[in-house]
Amino acid sequence: MAGRSTEPPEKTTGPNLWLLGSLPLVVIGAAVALFAALGAPGLGERRGPPVEELAVERTVLRPGEIELRVRTDGPDPVRVAQVAVNDAYVDFRSSEQEVRRLGSATLTIAYPWIEGEAYEISLLTSTGATIVHEIGVAVETAGGGAHLFGLMALLGTYVGILPVMLGMLWLPWLRRLGDGAVRVLMALTIGLLLFLAIDATLEGVETANEGSQALGGASLVFLGAIVAYVAISAVDVFLRARRRQAGAEGLHLALLISIGIGLHNLGEGLAVGAAYATGALALGALLVVGFALHNTTEGLAVVAPIARSRPSLARLATLGVIAGGPAILGAWIGTAAFSPTVTAFLLGIGVGAIIQVVVQLAPLIRNPEGRYLHPWSAIGLVGGIAILYVTGLLISF
Amino acid sequence: MRRPPVPTDRRGWRRNLGLPKLHGTPPLDHRLTRRKALAGLASLLGGGAVAVAGTRSARGAEDTGAVHGEHSPEHMKSSMHAGFANGGRVDPVANGFDPSAIARDFDWGRTRRLANGRTRREWNLVAVDKEIEVAPGVKFAAWTYNGRVPAPTLRCREGDLLRVHFLNAGSHPHTIHFHGIHPALMDGVPGIGEEVGGGLVASGQQFTYEFEAGPFGLHLYHCHATPLSAHIAKGLYGAFIIDPKDERPPAHELVMVMNGFDTNFDGSNEIYAVNTIGFHYLHEPLRVRRGELVRIYLVNVLEFDQINSFHVHANFFHYYPTGTSLTPAEYTDTIVQGQGQRGILELRFPFTGRYMFHAHKTEFAELGWMGFFEVVD
């Protein structure tokens, strides 16, 4: 007994710490189980009719057939009893008899739709409520297969990799610029990134509002942004600790910017792929040119921090692929499994990544007096925003 | 079905395809430009996925001429027949009434010959709340007279003394308002006659409507409690036939009450029908004999929509508006009725086979108001 009192306290508290920590959890779990087993004693039935909310997450049009993927957003399960298309009851089958909360089902509707016309699909539930879904313009949904796969790869290359790499061709010019001019360019880059962040946030919120709200809705954009910001910051600290001796501060920054822009392009590619799959996107020359111009400025942002260093061509190419390549991946995901919820989250991740990069770049625009905002940085910032605003006008489809 | 307003008070109602701003549902005006763009541009990246919608509609056309009684799921999949999903039916046993029976169910009441030679007829009508199935899998909290929608078809002769004993066993106050000629107290209108138990009849109360049958013709009765549209839309209505003293020629007689159901309470109907169940007579055609006189008592009680109509295929009928004259007013194959309007149709089918009848407001037809006559030898 006496010997025990001489033992260091750490040894005895080790296992006890875990036990003490999990005790409340065990009690909570038991209480919840008991409460559920007794059927929520004292609370009684909920008043009022069931709340039926159904979000249409994906629409697929095939000849003679319309397929909807729906998700139950409300607290109560939903049974789709009948379906009317443009005010006429139609034949359909549902993959689920009843769609439980957060569950999803696929409704396959037999309907001889006509290309280019508009349709209103009314889902009549077992309680007589209706959920209305509109198809603005009926166009056959692009199916899977190697052709679409290749097409999306080509599209991703056109709007992602090529423009970014073209933008990187400014590197030799950048090298000849003085410190003041580089500060302007850094400010310009920050302006570009701020525009992208705002644009992607709005797009993400808009997309999220069209999808299931129960899964988080627009908050997913902001959650994604926070996750990405924190994760990239952690990666940044990790990388810095490892290559403190190398002193390649510029390349390190360029890599971070590439990752940030790459994550942004993932969301962008997703949007483009989904739009193409559902026929909402016309793959026009103007669209591709607009996107290319838009993204060329992203290439400038990637190389701006390495104006003073001399990276190898392979390194530069890698940076370009990191920044532009995810557009292809996004386009594939977008055509294969479009979901507003996933898109919103990915767009949010892009936003967080971009903000992280902006924070990284900010010190580089300080003038010799240490001020962030001075006439030249202001010109750069506003100029960057203006460039993306103008090139963005070309891709409003 | 009226299209609901775009911003709606129910979340989850109007969910466009969730696409980012790049490609939201475009305004209709832009459709043409969009299509042109699509057609022209697909070439740029070799996007060959422009629709081939034409092929399927051609296939559907093969079926449209044929007539089938059974709508198996397999069949419905490729054909473009009207009807509910998978050829689904409503169970008449669970509902407690069958539109096939209602079409031929005339309730003459309990009769008694009075000393002066007149006939007295009595009925009991009980208002009850009842959940009914109005389309396969779709429940509707109806208000009914005697547990059925439409209510019993009350039938009598001009000059009969009528007594309708009304018990309100429903959860709301109701009345029975008969179309016909009678004193104010018997009119079933709130505010008139409450002091003697009439007017608005509270839950659990009863009242006897008593009046002389007239004029002869086809009439209707319905609840007149306010809000009126709700009490009618919920199902409190029925046909009321007063035969002329000199009887009409014998015929195969049918009652059709044109109605609808606003299942989501947005002030427009989701389901249209004759005798409540949409598409019922597609699955259970009304069977008549070739050459026999068919007389249809057609009443329109449809709430929310301004007009309703009746059209019969491959035939014409004599039309007696309100049935108040023995001379037909028109020989036609399509008539239109506003709410509360009604009339008698007489026709003979010269050929055997199945003949469609439906609202010639085709929207109503495709939302349930459609059926078949089956003419046999």
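Observations, loosely collected:
- On a per residue basis, the stretch A:36-180 carries 42 Å² of accessible surface, using protein heavy atoms and a 1.4 Å probe.
- Exposure check, 1.4 Å probe, all protein chains in place: residue B:234 carries approximately 40 Å² of accessible surface.
- Number of partner chain Cβ atoms within 10 Å, mean per residue of B:265-272: 2
- The packing ranking, built from the mean of other Cβ atoms within 10 Å per residue, places the peptides B:346-354, A:211-219, A:173-181, B:271-279 in the order B:271-279, A:211-219, B:346-354, A:173-181, highest first.
- Inter-chain shielding of A:132-141 (mean C-beta neighbours from other protein chains, 10 Å cut-off): 6
- Of all accessible heavy-atom area on chain A, the percent that carbon and sulfur account for (1.4 Å): 68 percent
- Where GluC sites (Glu not before Pro) fall in DSSP loop in the stretch B:145-249, at most 11 other Cβ within 10 Å: B:247
- Average beta carbon contacts from partner chains per residue of A:88-100, 10 Å cutoff: 5
- Chain A and chain B together bury an accessible surface of about 5900 square angstrom, both sides counted, with a 1.4 Å probe and no ligands or nucleic acids included.
- Cα-based reach from residue B:361 at 14 Å (exclusive), listing aspartates and glutamates while leaving out same-chain residues under 8 positions away: A:87, B:305, B:333
- Summary of the geometry: the stretch A:171-202 and the stretch B:185-247, compared by the centres of their Cα atoms, lie 81 Å apart.
- Solvent-accessible area lost in complex, 40 Å² minimum, residues of the stretch B:125-154 relative to chain alone, 1.4 Å: B:138
The values are calculated or read from the model by the stated rules, or taken from the named source; none is laboratory data. The structure displayed is predicted, hence computed values, not measured ones. With ideal geometry, Cβ positions are generated from the backbone for all residues, glycine too; neighbour counts draw on all protein chains shown. Note: accessible area is taken over every heavy atom of the protein model, side chains too, but ligands, DNA and RNA are not part of it. Shrake-Rupley method; radii C 1.70, N 1.55, O 1.52, S 1.80 Å.
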